[in-house]
Amino acid sequence: MKNYTSVHDVADVAALVKEALEMKKAPLAHKELGTGKTLGLIFLNPSLRTRLSTQKAALNLGLNVMVMNLDKEGWALETQEGVVMNGTTVEHIKEAAAVMGQYCDILGLRSFPKLQSKEEDYSEDILNKFIKYTGVPILSLESATRHPLQSLADLVTITEHKPEGRRPKVVLTWAPHVKPLPQAVPNSFAEWMCAADVDFVITHPEGYELENSFTEGATIEYDQEKALQDADFIYVKNWSSYKEYGKILSDGEGWMMTNEKLINTNNAKVMHCLPVRRGLELSDEILDGPNSLVIQEAGNRVYAAQAVLKQLLENSK
Ligand code: AN0
Ligand code: CP
């Protein structure tokens with residue numbers, strides 16, 4: 001593995017999940033692997049889980065870690081080619097990324113979409129420029145279109161909790177939100193589920209279809225009640241429209257996940273990447289009740305990151 005930006009960078013998904021589960025059993029088993037090496041974590045957007053779990057994973061592997069909130073603590077970045085920098089941007093991404101590559105052996109980057117232009121966001125311009133100019137392996141901490149560390153932790157969590165002896169049914173269900181959110185988490189979850197040994201259904205109101213390439217192999221069911229029938233896992237997430245790019249199309253009344261909706265499921269476990277809006281995306285009763293896996297899921301972010309960092313370190317030896 002050279003970079004970790006999507007499921008397509010993973011040669012063997014099942015083996016990576018197994019590696020993460022082994023890390024969970026013995027977190028310090030490879031504590032010499034990162035000795036003398038440095039991981040840089042660059043944030044252009046806020047984070048709680050990704051920031052802390054990736055630091056913890058790195059420390060478990062003996063890596064040094066440096067964290068920078070580039071949006072607040074760095075110079076204003078220019079990302080366009082060939083511009084005269086006589087405006088507000090102070091430093092070009094070409095130099096900034098190349099300089100960070102001088103200090104780090106692996107660089108993690110969080111860079112959300114702006115949700116203004118589909119073409120700009122889906123070109124993954126900032127992520128690709130980091131890959132081009134740093135000269136070191138890049139670890140996505142959520143990019144414009146994907147969140148692969150989250151998706152790996154999600155698959156690890158499903159693997160731990162799945163029923164014995166049959167393929168689990170996993171349902172991704174859209175939920176309401178007050179702010180237009182990226183499609184990165186659902187895109188990424190969908191492409192990982194399509195690569196995993198699960199029956200995968202996506203449900204959302206009309207107009208919230210994800211970009212096709214992420215959902216190939218999934219069943220799309222617009223009726224949430226039908227979709228949830230016999231589910232083993234329900235993955236709740238809001239996203240803004242891809243078609244009418246970055247827009248909120250309706251208030252989504254009736255789409256919040258509640259205990260009542262679990263009745264025709266297989267006593268489904270409920271997941272969410274967090275942060276979650278209580279009483280809007282998910283009811284309090286679910287989050288505080290026995291079917292919620294959200295805390296275990298967030299806990300698994302450490303071992304997902306650790307399995308990926310281990311592979312990046314081994315491949316760069
Ligand atoms: C972000 C998103 O939906 O992509 C980060 C989730 C991990 N969520 C919010 O901005 C609330
Ligand atoms: N789930 C997740 O990535 O959370 P943070 O945005 O807090 O890192």
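The values are calculated or read from the model by the stated rules, or taken from the named source; none is laboratory data. Model, not experiment: these values are computed from the prediction. Cβ coordinates were reconstructed from backbone atoms using ideal geometry, including for glycine residues, and neighbour counts include every protein chain displayed. For the accessible areas, the whole protein counts, side chains as well, though only heavy atoms, and no ligand, DNA or RNA atoms are used. Shrake-Rupley method; radii C 1.70, N 1.55, O 1.52, S 1.80 Å.
Some points to look at:
- Calculated FRET value between Asn264 and Val13, using beta carbons and R₀ = 45 Å, to 0.05: 0.90
- Accessible-area order (highest first, 1.4 angstrom probe) of the listed residues Glu225, Glu253: Glu253, Glu225
- The residues neighbouring Lys25, those whose beta-carbon lies less than 15 Å from its own, together hold a net charge of +1 under the Lys/Arg +1, Asp/Glu -1 convention.
- Maximal additional length on extending the Ala76-Asp230 stretch stands at 50.4 nm, based on 0.36 nm per residue less the C-alpha distance.
- Coupling constants for the range 73-82 follow from the phi torsions by the Karplus curve (6.51 cos²θ - 1.76 cosθ + 1.60, θ = phi - 60°), and in residue order they are 9, x, 6, 4, 8, 9, 10, 7, 7, x Hz; glycine and proline get x.
- In plain terms, the chain is cut at each of the chymotrypsin sites (Phe, Trp or Tyr not before Pro) found in a DSSP loop with at most 16 other Cβ atoms within 10 Å, and the longest leftover piece is 76-221.
- Simple label model, 7 Å out from Cα along Cβ direction - Asp197 to Lys94, nm: 5.0
- Accessible surface for His161 stands near 70 Å², nearest 10, in the context of the full protein assembly shown (1.4 Å probe).
- Sparsely packed loop sites in the range 106-171 (the GluC sites (Glu not before Pro) outside DSSP H, G, I, E and B with at most 15 other Cβ atoms within 10 Å) comprise Glu164.
- Charge sum, other residues only, whose C-beta stays under 12 Å from Gln229's C-beta, Lys/Arg counted +1 and Asp/Glu -1: -3
- Accessible-area order (highest first, 1.4 angstrom probe) of the listed residues Met257, Met68: Met68, Met257
- Figure legend: label point modelled 7 angstrom from the Cα of Met85 along Cα→Cβ; residues of the range 42-77 with amide N under 20 Å from it are 42-45, 68-77.
- Prolate/oblate/rounded label for the chain (Cα gyration tensor, a/c 1.5): oblate
- The length gained on full extension between Ser123 and Ile295, counted as 0.36 nm times the residue separation minus their Cα-Cα distance, comes to 58.6 nm.
- For Lys37, the aspartates and glutamates whose Cα falls under 17 Å of its own Cα, not counting residues fewer than eight places away in the same chain, are Asp105, Glu314.
- Out-of-range pairs (alpha-carbon distance over 31 Å; input Lys72/Lys169; Lys72/Lys237; Lys25/Lys237; Lys56/Lys269): Lys72/Lys169
- Length released on extending from Ile220 to Glu164, taking residue separation times 0.36 nm less the Cα-Cα span: 17.6 nm
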